[in-house]
Amino acid sequence: MRPLQISPETAIALSKQLGVPLEQLMHMPQHILMQKIAELAKQEGAGSQGEANEPESSENS
């Protein structure tokens, strides 16, 4: 299996966001990496939806 074909900047950013060592990330099978990225996006989406549903105090004044 060959290393992922991603830029060094992308690899570093993904490594930090996923909490995975850079070496492990580069040799991770692509389908597993895509699954982890999807889970991360889902978590971030859920977090931003929670913030969007809160009423803003400026609208209530």
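The values are calculated or read from the model by the stated rules, or taken from the named source; none is laboratory data. Given the structure is predicted, the values throughout are model-derived calculations rather than measurements. Each accessible area value is taken on the protein alone, full model and side chains, heavy atoms only, with ligands, DNA and RNA left out. Shrake-Rupley method; radii C 1.70, N 1.55, O 1.52, S 1.80 Å.
Computed values, structure above
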| read-out | value |
| --- | --- |
| Selection count, the range 23-48, where residues are open to solvent by 70 Å² or more (accessible area, probe 1.4 Å) and in a helix (DSSP H, G or I) | 11 |
| Scope the range 1-22; condition polar (S, T, N, Q), part of a loop (DSSP other than H, G, I, E, B) and open to solvent by 70 Å² or more (accessible area, probe 1.4 Å); matching residues | Gln5 |
| Subset tally (residues that are modelled with pLDDT under 85 and not hydrophobic (A, V, I, L, M, F, W, C)) for the range 28-52 | 7 |
